[in-house]
Amino acid sequence: MLLNQVINQTAHPIANTSYQQQSKQQFDQEGVLVLRQFLTPAALSAIVDEGNNKQDLAFYTESGHNVYLMPSDPLYPIDHSRNKHVQSSKGCITDDQIDTNSTLRTLYDADELKSFLAFVLNEEKLHPYADPLSSINLHYASEGQELGWHFDNSSFAITLLIQSPKAGGQFEYVAKHRDSGQGDMNYEGVSEVLSDGIKGTKLDITAGDLVLFRGRDALHRVTPTEGDTTRMLVVLAYNSEPNVELSESARMTFYGRLQ
Ligand SMILES: O=C(O)CCC(=O)C(=O)O
Ligand SMILES: [Fe+2]
C-alpha cells in the first residue's frame, strides 16, 4: 500500500506547514494530540487483519510495578506513591513479527510521517530502535487485561488504536503531572491520583485514531477490557538519537527475549 493510501491526508495533510504548526501548538498546550481517523479505512482493515492473524504469537506479561517503572526505593514505605504497586497485563508482538510488506511498516518508515512527528515533538530527527524488537509493537488486551497508572521511560509515545473493546479499555491521563527533566517525582500528586482524589481525563478515541503524548510526564493508564473483543493498539516507537536499543531488562520484561 502506498503512503497516500495509508494516511488520510485529506483530514491530516502532514506535509502542510500550517497543519504542522497547528498540530505542534496544540501538542505543546495540551501535552496530548489526537489525530482522529488518521488511517484510511483500507489501512485500518489491513492492520486489523494482521493483528488477528498474529495474535497467537503474542507474548503475555502480567506484573506489579510502581508508577515510575523503577525498582522500589527502600527509603520509602511500600505503600508510598514512590513504591506502591499497580497491576499491568497485556500481550505484545514485536517488530520482527510484523510483515516486511505490512501497512504498519509503510507508515513507520515513511519520511513524511517522521518529519511531521519530529516537528511536533520538537526533535531534530526521529530514528528507529537499533534492536530488532522494539520499533513497532502491537498490543493485545483481552478481557480483564489493563495497564496500571504509570509514567513511560521514553519522553514521547505514538499510538494507533486498531480495535476498541465493547467496553473498558479506556485510556486516561493526567497531563504534565511532573517535570521529569527537573527530577520532579510529584509524590503528592501521584498519591492523589492513586487514591482517586484526582481523576484522569478520559481520551475518547476510536479505531484509526493516532495519539501523541508526553508519557514521561503524563501519568496514564488503560482500564480493563470488558467483553470478548480484544483491544488492539500499535505503538510506533522512535528515538531522538540513532543506534539506541531498548534496555535488555525492558526487553526481557515486555518481550521475554532479547532478539
Ligand atoms: O495502550 C495505550 O493506549 C497506551 C499504552 C502505554 O501507555 C504504554 O505502552 O506505555
Ligand atoms: Fe505508557
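Just from its helices, what would the mean residue ellipticity at 222 nm be for the chain, if runs of 4 or more DSSP H residues each count -39500 (n - 2.57) and the sum is divided by every residue, rounded to the nearest 500 deg cm²/dmol? Don't skip to the answer; put the middle values down first.
On the way: 7 runs with 66 residues, N = 259.
Calculated mean residue ellipticity at 222 nm is -7500 deg cm²/dmol.
Tell me the relative contact order for the range 140-207 as a rounded percent, counting alpha carbon contacts under 8 Å between residues six or more apart. Before the final figure, lay out the partial values.
Numbers: 39 pairs, mean separation 27.7, N = 68.
So the answer I get is 41 percent.
Kindly write out, for the range 57-72 in residue order, the coupling ³J(HN,Hα) from the Karplus curve 6.51 cos²θ - 1.76 cosθ + 1.60 (θ = phi - 60°), rounded to whole Hz, with x marking Gly and Pro.
Calculated HN-Hα couplings, in order: 8, 5, 9, 9, 10, 9, 8, x, 8, 8, 5, 8, 6, 10, x, 5 Hz.
Below 8 Å between Cα atoms, with a sequence gap of 6+, how large is the relative contact order for the range 121-259 in percent? Intermediate results must be reported in sequence, preceding the final value.
Working: 291 pairs, mean separation 67.3, N = 139.
About 48 percent, as a whole number.
Could you go through the range 150-162 in sequence order and give the Karplus-derived ³J(HN,Hα) for each residue, using 6.51 cos²θ - 1.76 cosθ + 1.60 with θ = phi - 60°, rounded to whole Hz, and x for Gly and Pro?
6, 9, 6, 6, 7, 6, 9, 9, 10, 10, 10, 6, 9
For the residue pair Q87 and A130, what label-to-label distance in nm results when each label sits 7 Å from Cα along the Cα-to-beta-carbon direction?
Each label point lies 7 Å from its Cα, and together they span 3.8 nm.
In the Gaussian network model of the chain, springs joining C-alpha atoms below 10 Å, which of L160, L203, L233 carries the largest mean-square fluctuation?
Taking springs between Cα atoms under 10 Å, the residue moving most is L203.
May I ask for the angle, rounded to the nearest 10°, between helix 17-30 and the longest principal axis of the chain, with both axes built from Cα atoms and the value confined to 0 to 90°?
It is inclined by approximately 10 degrees.
Counting other beta carbons within 10 Å of each Cβ, put Y108, Y76 in order, fewest first. Mind showing how you got there, number by number?
Details: Y108 20, Y76 14.
Ordered by Cβ neighbours within 10 Å, fewest first: Y76, Y108.
Between S240 and D196, what's the calculated FRET efficiency when r is the beta-carbon distance and R0 is 41 Å? Round to 0.05. Show your work: numbers first, answer last.
Numbers: r = 35 Å, r/R0 = 0.85.
Taking R0 as 41 Å, the efficiency between S240 and D196 is 0.70.
Would you please state the base-10 log of I(q)/I(0) at q = 0.10, 0.17 1/Å for the range 3-255, with intensities from the Debye formula using one equal scatterer on every alpha carbon?
-0.47, -1.50
Evaluate the relative contact order of the chain (contact order divided by residue number), counting alpha-carbon pairs under 8 angstrom at least 6 apart; express in whole percent. Let's see the in-between values first.
Working: 545 pairs, mean separation 70.9, N = 259.
In percent, rounded to a whole number, it is 27.
Quick one: which residues, 5+ away or cross-chain, put their amide H under 5 Å from the amide H of G168? H built at 1.01 Å from N.
E226
Take T100, T159, T229, T94 and order them by how many other Cβ atoms sit within 10 Å, fewest up front.
On the way: T100 5, T159 20, T229 15, T94 23.
Ranking T100, T159, T229, T94 by Cβ neighbours within 10 Å, fewest first, gives T100, T229, T159, T94.
What pairs in K90/K125; K54/K90; K114/K202 have C-alpha atoms more than 19 Å from each other? Provide the component values of the computation, followed by the final result.
Working: K90/K125 30 Å; K54/K90 15 Å; K114/K202 27 Å.
Flagged as over cut-off: K90/K125; K114/K202.
Grab the Cα-Cα distance for A118 and R216, subtract it from 0.36 nm times how many residues apart they are, and report the gain in nm with one decimal. Mind dumping the intermediate values first?
Numbers: separation 98, 0.36 × 98 = 35.28 nm, distance 1.69 nm.
Fully extending the segment from A118 to R216 adds 33.6 nm.
Shape of the range 157-225 from its Cα gyration tensor (a ≥ b ≥ c, root eigenvalues): rounded if a/c is under 1.5, otherwise prolate when a/b > b/c, or oblate?
Numbers: a/c = 3.37, a/b = 1.58, b/c = 2.14.
Since a/c reaches 1.5 but b/c is at least a/b, the shape of the range 157-225 is classed as oblate.
Just to be sure I understand the model, the point goes 7 Å from the Cα along the line to the Cβ. What's the resulting M70 to A167 distance in nm?
Distance between label points: 3.8 nm.
Scan around W149 for amide H atoms under 5 Å from its own, H built in the peptide plane at 1.01 Å from N, and keep only partners 5 or more places away or cross-chain.
none
What are the ³J(HN,Hα) values, in whole Hz, obtained from phi via the Karplus relation 6.51 cos²θ - 1.76 cosθ + 1.60 with θ = phi - 60°, for each residue of the range 239-253 in sequence order, with x given for Gly and Pro?
10, 7, 10, x, 6, 9, 9, 5, 4, 4, 5, 5, 5, 5, 5
Which angle from 0 to 90°, rounded to the nearest 10, does the C-alpha axis of helix 111-121 make with the longest principal axis of the chain?
Rounded to the nearest ten degrees, it is 30.
Please state the shape class of the range 1-149: rounded when a/c is under 1.5, otherwise prolate if a/b exceeds b/c and oblate if not, all from the C-alpha gyration tensor. Each step should come with its number before you reach the end.
Values: a/c = 2.21, a/b = 1.38, b/c = 1.60.
Taking the square roots of the gyration eigenvalues as a ≥ b ≥ c, the range 1-149 is oblate.
List L126, L2 from most exposed to least, where exposure is judged by having the fewest other Cβ atoms within 10 Å. Don't skip to the answer; put the middle values down first.
Working: L126 22, L2 8.
Fewest-to-most ranking of L126, L2: L2, L126.
Quick one: check the C-alpha center-to-center distance for the range 151-227 versus the range 77-136, whole angstrom.
When both Cα centres are located, 15 Å separates them.
Which length gain, in nm to one decimal place, applies between N101 and Q20 when the Cα-Cα distance is subtracted from 0.36 nm times their residue separation?
Values: separation 81, 0.36 × 81 = 29.16 nm, distance 2.79 nm.
This chain segment gains 26.4 nm when fully extended.
Computed from the coordinates by the stated procedures, all read-outs in this text should not be read as laboratory data. If you're wondering where the values come from, they're calculated on a predicted model, not measured in any experiment. Ideal geometry is used to build each Cβ from the backbone, glycine not excepted, and the neighbour counts take in all protein chains shown.
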